Structure formats: structure tokens, C-alpha cells
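Heads up: the structure comes next, in C-alpha cells.
The values are calculated or read from the model by the stated rules, or taken from the named source; none is laboratory data. All values derive from a computational prediction rather than experimental measurement. For neighbour counting, all protein chains shown are included, and Cβ atoms are generated from backbone atoms with ideal geometry for every residue, glycine included.
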Amino acid sequence: QLNFIEEKRLSALCHGQLYQHRMMKAYNKKVRLCKFQKGDVVMRKILLPQHDPRGKWAPNYEGLYVVKEAFSGGPLILTNMDGEILQNPVNSDVVKRYYA
């Protein structure tokens, strides 16, 4: 009886690990890294939306910023179009490239 329970537990553990490995491969196949370079024009996502009378039609991204410096881990130092540096670096997953 105990051996049967132990076999079922090991089987479930192995199945869970195989499932996680398959999901990781499927995710990594579809994900595309965004590489930003110095001088790219980007828009920053509004992370904490304030109450807006426009409701769901409120903008999701704000401003036009220029990448001043891009680091290897993903953080970016941004400047606005006037050349003023933003005080905090932002992560590259909260910005998207602006095509004009």
C-alpha cells in the first residue's frame, strides 16, 4: 500500500516537472526581447492609472522620451524631448518603441 502511494507521488512529481518544462519551452519560443539603444524614442506605460473621466478610453502610455542610456539588465535612463533627465530609471518592460 505504501509503495503504491510513493509511486503515485513520484509519478505526479515527474509529470509536473515535464509540464513545467513544456510550458517554459513554449513561452521562450514566442517571447521576443526588446533591445533599446541610445537615441531610441519610446513611450512609457502609465502604471498607476488615476481616475480619468474618459474611463476606459484613457491613454495607456504617456509622453515621448528618448533613451539616454540602456543597461544590460533592462533598466533605461530616459530624457524627455526637452532634454531633462527623469529622476528614476525605468525597466524596459514598461516602455514601448515609438515609430514616427
Those residues of region 81-100 which are farther than 17 Å from CYS34 by Cβ and among the acidic types (Asp, Glu), in sequence order: ASP82, GLU84
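This table checks each residue for (1) among the polar types (S, T, N, Q); (2) modelled with pLDDT of 90 or more; (3) surrounded by 10 or more Cβ atoms within 10 Å (Cβ to Cβ).
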site	(1), (2), (3)
GLU7	no, yes, yes
HIS21	no, yes, yes
LYS29	no, yes, no
ARG32	no, no, no
LYS38	no, yes, yes
ARG44	no, yes, yes
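What number of residues in region 50-80 are over 14 Å from LYS38 (Cα atoms) and assigned to a loop (DSSP other than H, G, I, E, B)? Can you show your working first?
Looking only at region 50-80, we keep the residues that are over 14 Å from LYS38 (Cα atoms), and these are 50-64, 73.
After this cut, where a residue has to be assigned to a loop (DSSP other than H, G, I, E, B) as well, the list is 50-54, 58-60, 73.
Residues in region 50-80 being over 14 Å from LYS38 (Cα atoms) and assigned to a loop (DSSP other than H, G, I, E, B): 9 in total.
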